[in-house]
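S.K.: Quick one: this structure, given as C-alpha cells, is what I'll be asking you about.
The values are calculated or read from the model by the stated rules, or taken from the named source; none is laboratory data. This one's a predicted model, so the numbers in the text were calculated from it and none came from an experiment. In this analysis, Cβ positions are derived from the backbone assuming ideal geometry, glycine residues included, and neighbour counts consider all displayed protein chains. The accessibility values were calculated without ligands, DNA or RNA, using every heavy atom of the protein model including side chains. Shrake-Rupley method; radii C 1.70, N 1.55, O 1.52, S 1.80 Å.
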Amino acid sequence: MSTFSRREMIKFGGMALIAVWAKNSGAAPAGSQARSSNPILLLPPVDSTDPWVHSKSENIFWAEVMMDHANFFATLMPAAALATERAQAENFQRSFQDHLGRARSATLDRNNYASFNRSTIELVKPFIEYKQRMLEAQDSGKIRTLVFSLFFDHTVREAQRATRRLEKLAGGDAGISYGETVDFWSAIMSDHSEFIAHLLDPQEQELISQALDASAVFQGFKLGNHARPLPGGEILLATEELIDFETVVEEGIGAGKIKSIMQPVLAAHIRRESLKFVDELKRSGNRT
C-alpha cells in the first residue's frame, strides 16, 4: 500500500495551493469521524427546467446542510451552562434528519412539489431565528460557545438562501441568476477558507496562508467589487481549484497528516457546498 506524499503544488490565481494526495493512502485512524471523501449531490439533468425536478435536489441538499449546521452547534456547545442551547440544536438536528429522509423518499411532481418546498421552508424559519438569537447572545457576551460569530452569521445567510431558492421553485421558476449565484457563493467560499485557516493548528502556517489567500480571492469575485461581472469561466476554474485544496485538507485531517481541530465531517460539508457552487455556476449560463 502506498504511503501519503505530503503534497504537490499548483498555482491558483497567483497563490500556491495544495494539489493532490496519494489516492491509495492508509486508512484513517480508529475513531476518526471522516465522512466519505466523495460527497454526492443529487443533481437535476442539465437541460431540465421542471421546478419539481429541481425541488427534489434542493430539498435534499438544504435539509442535509441544516442538519449539519445543527450538529456543529451541538458539538461546539460543550459547557453545562449551554445545555439548553445545545438541546435546542440537537432538536433541530433530529428534525432535519427526519426531513432529509422524507425528501429522499418523496416523489415530487407538478401537483405536490410546491407544498413540499414550503414544508421545508417552515422548518428552516425557526432555525434561522435560533441562529440569529445565538449570534446576538454570543456577540453580547450572554453566552460563550466555541462557535465563531462569523459561523453563526454564515449559517443564517445559507438558511435564508435556502428559503429564497425553495420559494422561487415553489412559484414555478427553476432559473438560476448568474449575479446572485456569484455574489452568494463567493462570499460563502471566502468564509469557508477563513474557517479552514482558523481551525488548522498554528504550526500549519503554509496551509493557513493558502486558505487566507483563497478567502481574499473569492472576496474579489463579489460583483460589488467590479464595474462588470467577472467571466463565469474564471470563477469556475478558481472554484474547482479550491475544491482540490479542500479535498487535500479533508483527506489530510482524516488521515492524521494535517494538524487541525477541524472534524472531517465539517471538511466534507464545506466541499459539498463548493460542488454545489460549481453546479449552479454552470447552470447560470455565464461561461465567457
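S.K.: Quick one: count up the residues across segment 114-149 that are open to solvent by less than 60 Å² (accessible area, probe 1.4 Å), more than 20 Å from residue 83 (Cβ to Cβ) and touching a residue at least 40 places away in the same chain (Cβ under 8 Å).
M.R.: 7
S.K.: Filter segment 91-108 down to the residues that are over 21 Å from the mean Cα position of the chain (by Cα), touching a residue at least 24 places away in the same chain (Cβ under 8 Å) and surrounded by fewer than 18 Cβ atoms within 10 Å (Cβ to Cβ) and list them by number.
M.R.: Of everything in segment 91-108, just one residue is over 21 Å from the mean Cα position of the chain (by Cα), touching a residue at least 24 places away in the same chain (Cβ under 8 Å) and surrounded by fewer than 18 Cβ atoms within 10 Å (Cβ to Cβ), namely 106.
S.K.: Taking the condition in a helix (DSSP H, G or I) and either under 18 Å from the mean Cα position of the chain (by Cα) or among the aromatic types (Phe, Trp, Tyr) (or both), does residue 207 pass?
M.R.: no
S.K.: Got a number for residues in segment 210-220 being under 18 Å from the mean Cα position of the chain (by Cα) and open to solvent by less than 30 Å² (accessible area, probe 1.4 Å)?
M.R.: 4
S.K.: Can you tell me which of 283, 271 is buried (at least 19 other Cβ atoms within 10 Å of the Cβ) and closer than 30 Å to residue 114 by Cα?
M.R.: Being buried (at least 19 other Cβ atoms within 10 Å of the Cβ) and closer than 30 Å to residue 114 by Cα holds for just one of 283, 271, which is 271.
S.K.: Every residue in segment 146-198 that is of a type in the set (Ser, Thr, Tyr) and not in a helix (DSSP H, G or I), please.
M.R.: 177
Residue-wise test of (1) of a type in the set (A, V, I, L, M); (2) open to solvent by 30 Å² or more (accessible area, probe 1.4 Å); (3) at pLDDT below 95.
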| residue | (1), (2), (3) |
| --- | --- |
| 164 | no, yes, no |
| 172 | no, yes, no |
| 179 | no, no, yes |
| 188 | yes, no, no |
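S.K.: Here's something else I'd like to know. Can you name the condition, by its number, that residue 111 falls short on among (1) in contact (Cβ under 8 Å) with a residue 12 or more places away in the chain; (2) of a type in the set (S, T, N, Q); (3) in a loop (DSSP other than H, G, I, E, B)?
M.R.: For residue 111, the exception is condition (1).
S.K.: OK, next. Cβ contacts < 6 Å: first residue open to solvent by 20 Å² or more (accessible area, probe 1.4 Å), restricted to segment 71-90; second residue of a type outside the set (D, E, K, R) and at pLDDT 95 or above, any location; separation 6+ or different chain. Result?
M.R.: Pairs found: 71/93; 76/145; 76/146; 76/147; 85/77; 86/74; 86/77; 90/74.
S.K.: Moving on to the next point. Somewhere in segment 263-276, is a residue at pLDDT 95 or above and in a loop (DSSP other than H, G, I, E, B)?
M.R.: No, segment 263-276 has no match at all.
S.K.: Go through (1) among the small types (Gly, Ala, Ser); (2) farther than 21 Å from residue 151 by Cα; (3) under 19 Å from the mean Cα position of the chain (by Cα) for residue 63 and report which single condition fails.
M.R.: (2) is the only condition that residue 63 fails.
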